[in-house]
1. What's the number of the condition residue A:423 fails, among (1) surrounded by 24 or more Cβ atoms within 10 Å (Cβ to Cβ); (2) within 14 Å of chain B (Cβ to nearest Cβ); (3) part of a loop (DSSP other than H, G, I, E, B)?
2. Is it the case that residue C:312 is at pLDDT 95 or above and either within 14 Å of chain B (Cβ to nearest Cβ) or more than 24 Å from residue C:85 (Cβ to Cβ) (or both)?
3. Inspect the stretch A:121-129 for any residue being open to solvent by 10 Å² or more (accessible area, probe 1.4 Å) and of a type in the set (D, E, K, R) and give the result as yes or no.
4. Report, by residue number, each residue of the stretch A:392-401 that is closer than 16 Å to residue A:81 by Cβ and open to solvent by less than 10 Å² (accessible area, probe 1.4 Å).
5. Name the residue, out of B:434, B:448, that is away from chain A (no Cβ under 14 Å), not in a strand (DSSP E or B) and not hydroxyl-bearing (Ser, Thr, Tyr).
6. If I ask for residues that are more than 14 Å from chain B (Cβ to nearest Cβ), surrounded by fewer than 21 Cβ atoms within 10 Å (Cβ to Cβ) and either among the hydrophobic types (A, V, I, L, M, F, W, C) or part of a loop (DSSP other than H, G, I, E, B) (or both), which ones from the stretch A:316-356 would you list?
7. Got a sec? Which of C:416, C:349, C:390 is at pLDDT below 95, touching a Gly at 6+ places or on another chain (Cβ under 9 Å) and more than 14 Å from every other protein chain (Cβ to nearest Cβ)?
8. For the stretch A:171-189, does any single residue satisfy the condition of being at pLDDT below 95, within 14 Å of chain B (Cβ to nearest Cβ) and open to solvent by 10 Å² or more (accessible area, probe 1.4 Å)?
Amino acid sequence: MRTSPQVSVPVWAALAAALVSAGAAQQHELAPTAAHAELSIQIYYGKRPRTEAEHKVAVWGPLKVPSPAYAFRAARVLPIEGDPIEGGVVLTRDGDIVALGRADEVPIPDGYEVVDCGDAWLLPGFVDLHNHVAGGSGDINDTVHPTNPEFRTVDLVTMDHRSLRLALAGGVTSALFIPGSGSNMGGFGTLTKLAGRSPEEALIRFPGSLKIAQAGNPERGSGDLGAGAIGMNQGLRFTLERGREYYEAWERFDRGEGPEPEYRADLHYLRGLFRHEYPVSVHTQIYQVVLQTIRQLRHEFGLWTFIDHGTFDAYRLSNFAHASGVPVVAGPRTYYFHPDHAQFIGVANAWYAGGQHGWRTPVGGVGRDGLGINTDSPVVPQEQLFLQAAMGVRLGLPDEVAIRALTINPARIAGIDHRVGSLKVGKDADLVAWSGDPLDPRSHVRMTVVNGRIVYRRNPDRPLF
Amino acid sequence: MNPMQRTPAKIVRLGALVTLLACMAAETQAQRGRARGRGQPQAPATPPPAPEPKEPASVERWTAIVGGEVHVGDGRVLRGGTVLIGDDKVHAVGHDLEIPAGATVLRADGKVVTPGYVAVRAQGIGLPASVTGELKDAANPFDPAIKRALAAGITSYLYWSGSGQATPGGTTALVKLAWGDLAGMVRQGQCAYSMRTPLSATEWRRLRELVGQAKEHKAKTEAAAAAPSPAPAATPGRGGGPPGERGRGAPGQRPSPSAPPAGTAELLRIMRGEARLWVNPSATPTDGGRGRGGGSDDRDGIRQALQIAELLGVGIVLDDPVTAWCLADQIAATGSLVVLNPRNTTPPDPTDPEQTGANIAAARILDEAGVPVAVTCPSGRFGGAQVGTGGIMGSDLNTPQVDAAFAVRGGMDPRRALRSLTLDAARAAGVERIVGSLEPGKDADVLILDGDPLSYRTFVETALVNGKVVYEKDKEPYYQHLNR
Amino acid sequence: MMRSLCVAAALAALSVPSSAQAPATSARGLAIRNARVLPISGPPIERATVLVRNGKIERVSSDIAVPPGYEVVDAAGGTLMPGAVLAYGHTGLGAGGAREERPNQFTRGGGRGRRGRGAPSPQGGAENESGELALDRLYARQEVFQELLRDGVTTIGVAPTGTGLPGQGGVVRPAGDDVAAMTVVRSAFLAIAPVNDTRTKTLIQRALDDGKRNLDRRRRRGPEQRSEGGRAEGTPPAEQKPAEKPAENPGEKPPEKPAENAPEARGGDAAQGPRGGQQQQEPDPAAEAIMQLLEGKTRAFVQIDSAAQMLHWDEVSKNHSFPTVFVARRHASQGSQGFFDVVLDHIKRRKAIVLLTPELSTIPNTEYQVNMPARLHAAGIEIGFLLADRGRALSAARTQLMELVRAGLPADVALRGITLTPARALGIDGTIGSIEPGKTANLLLWSGDPLDPLAKLQRVWLEGNEVEADPR
């Protein structure tokens, strides 16, 4: 039975917890060091429902997807939440991982088809929290009004088109498919697998998040309200306050303290947002704008929030984000060319290692578990998610952080780590066989498995990617 | 019970034998392909021989790079080798070379030494996008972009301004990133021309006409050169000047004593091997694919480009073709080359998926057929042929080795993938006699890298252009803060 | 005291605004007492008296008795320095100011994503216009001269506009009814404005090469036929005037073949010799001007803003040597073409003075600033400063100079850079640019040190006559 991790802490406790996070972080270690322990972040989830069943607005995808029983054998298995396994095997059935471990220690029951991946590396499928291509049509922006809380991308998801096939060939199996940044509040995104016989089968959770673009792109005069930052922030506030009122009316009703509110389609999903059933994913970058994001959405409205770009010089806020429990999914720009001294600052590493305010030692930042990496596909093609991480490593990010930033971290950031993000018994059977180090562009994906079904096998004569 | 243990040993042995035989067969096939590819169907005028290294006595300044893993560029790797540079040229490469007294010695122990990369498409580095007059008069040897390009490993690039359409045109030059050295920047003018296919029937006819006139003229001048002319110096001679002279510098040709017919000057240079012809076989888009051409099926354009190659009697360069991998043998037969972006994912035409669309294995397929391949970075808003400062690393010219790595992803032999940045890139630019490998007599453009050249983690530590150190990682701000 | 006030009032009443008529040099004497004098050519003199007579400085000393009949001005401890010299600008040319020159057309990053900006065709610049004089285009009665004078600029170098070889610059005083009255030096320098393109470089190179050839030819003809220099007023070339030829050279020399080393001019002015053959008598002022330069009788003011431009200039001029002043009007914004500190030897080799705008430069792609004037000075190069060519030029420059001094430039270098050095660059330092006996009495009286932001400009004298104060 799946349960959501129980996290419900006010900010001050998060701060305290961050200081003594060593203990809580231990269970997620790959190769824990004291430095890593210091950097671990406590993501703020608000009063999140503890189980999927307790969600009143969000819809979760199927827990079990019928699929054959496989035993995947490979020279190297990286479960992520645990040490690498040399000569490992992963058993899957009906969409779940049922066992994994060393090949000579885990028996393979009858009825399991052995898939021998030879010298491959087996990793969980990657999770990209900033995707615009799962709909296949490139139609992701509606700028009717500055804020569009009634829009949803779940209606656009289609399976089996080229962008998704390429994504699978790049080892990406789950994505948060969100509206564009054409308007201030673009609508609600969908967490979906990138393979399935239907969008319903592929669904992980809808809404995956509320998409907000804090500044920048929406400043095109979208809608009636002002085109500058002041106008946009007011628009956000206005809409969120109406959503909060709606949510409170329903809470009162649930407690028997008030009448049943009239159903409002435009505010329905905001109710779920304030119930902390899903986060706000914010297109936000540059110091001042990210500062506004953290202050407004995380502190003023108390929402479960994550930064979904964090590029340019926003990494200077890593300390504040860390203290606020706001993680960052960095990209697509992988570097910031610092105008003060012409250095190529790696964005991911700068968040991870803390802002470089000229101090000699980096300040503890959002840390290992608070860093994800994205493509903003199609800005960077979805299948090149690994390359984003590789460039992060080039520019200083430690390797294991990069791998986690592709897997367990985004899963945790989006609240779906009970399903995806690592190879663990009970989680979804989403795994990828790589010919070698997944970060190296010279490696390739040999096989991709989603929900226990083999959805991609590479053809060496006409490889997709 | 582990299933592995149940497999009988003899089946394993048989499998190994079969594999071995298959490999041998494939290798033979590939060798044949390479041999076929390298040959040219019609023997054109031989280009000038590779320059000889200088006489040691005349060298003023010696530099030696010692102790590194030297990738010469033609496939050879010398562990612990020495690269000896005399003034601005490579003098010798080998083990245990004698280093002259007074030489500057750069130690490269534990490092990798390679030829500098030749970017076949690059913008905004030391020159404006278009220039009236000669390129060298507009060069800026202090452009900060030069340093960033050197940091990426690029030591020279093919400058393009304008292009031909139905006939060869455009202004090109091999530009060296010789920081601070104005005279050393524009190394060779007009080393390439470009045009596009498919051509209309009229255009094709016109081109054939022009080529015919050019061939006539060429034959006449060669005949005159063979038979010595008794005419005095006052009369304009009939012998064509040394092939290398023509066209150096100004795009407008100085009229030779026997002027080639109008419109054939570029064709003559191409036929003589003095310049490369690039042909962009862009197709009519059938669906919005990715890739420059926009369309998924440019086979007609490629075939016509190959016809042009046969017409001219020299190999051409296919510029970013989508389906070159479907015509590898034909391309090899004309001695042509290909410039491509391995990450091109132009989708196939659903009605003919086997023979259309891009293929990441294109570089491998072409290489195995004997076609030299040069790689480029993706085009587009965040990519593009620039050493950008606002973009996304991995998509622009800041990491050329990533493009070669993607060719390896598609199956290209890793040992040959480095050539797609060096010698084969130089071939595509028509300058393989002067750059692209660490061979005696060539320009001393050398990189000292801190690791595997094709690794995404590798940085340039030192770059030399024309024999001078022009970039050192720890002295420039760009990547100084990143250490292994 | 009362007496001097009456005298001063009478003088003020008698003196007319300097723009209305040519300045009258004061026949009577002027004594400025109790001043801290900055001669520029030497160390400061405390509590000094400066005697002025007939528009010139008569004496400077800390201990002089004032001769009878001299008007006395009490400086009350203020600082006296020479008037500022604006060495290079386009003051007064065209309608109300300068025809804007084309900036150096190299744009960093060329066609990066945008439509490539090719080289703009410069206005003019296609021909050798070295025979043109900037002062011939000057319009005398303009507000701008008054403005500059009141602000403390007492000498103005006027350069022709345009690129390539736009002509000769002159020096004027900012007072006078007409150009003749204003003119101090009709032709002080040859302006050269190179641009990084083939056409301009070829034009200049050809002009210089032709000039050298003409000079050689002239020298071969003998000293008596060499034209008297003068200020490039276009004296007829001796060899072309049969009337002046001595008897021992009957007939004309055969026309020189142009083919040998003077290929068809591409936009450049042709050499003298082949043009018009042996019959032409007309002087070619453009060619004359070049020859003057090559003989060292005048100097070139070469507009160079960056290291890259310096290297291009080197290509063009390397076979020639002549007095050179480098004028860098835009150096601070041209960082992406390299700063001067990487081409120091090019400057030193020519023993050139560098006149540059008093600005800090920013290293491209960074926020680091460098004090290029201080660097050049530290490297032993003589530097002067360019003032704006209109408006409150000195006031503006003063603020910039303060910043440069704060950033490490010695204060005396700063002040010399707006007085004696630009005067030296123009070749007029015999009469202008310092407070020494015999030099022109262009004086500024400040309430304190000129580089103190609280100091105010109190009085201005142009050639001994006090200038009407700024009404503000």
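1. (2)
2. yes
3. The answer is no; no qualifying residue exists.
4. A:401
5. B:434
6. A:320, A:323
7. Of C:416, C:349, C:390, the one residue that is at pLDDT below 95, touching a Gly at 6+ places or on another chain (Cβ under 9 Å) and more than 14 Å from every other protein chain (Cβ to nearest Cβ) is C:390.
8. Within the stretch A:171-189 (the criterion being at pLDDT below 95, within 14 Å of chain B (Cβ to nearest Cβ) and open to solvent by 10 Å² or more (accessible area, probe 1.4 Å)), the answer is no, since none of the residues qualifies.
The values are calculated or read from the model by the stated rules, or taken from the named source; none is laboratory data. Predicted, not measured: the structure shown is a model, and the values here were computed from it. Reconstructed Cβ throughout: ideal geometry from the backbone, glycine too, with neighbour counts over all protein chains shown. Surface areas here come from the heavy atoms of the whole protein model, side chains and all, with no ligands, DNA or RNA. Shrake-Rupley method; radii C 1.70, N 1.55, O 1.52, S 1.80 Å.
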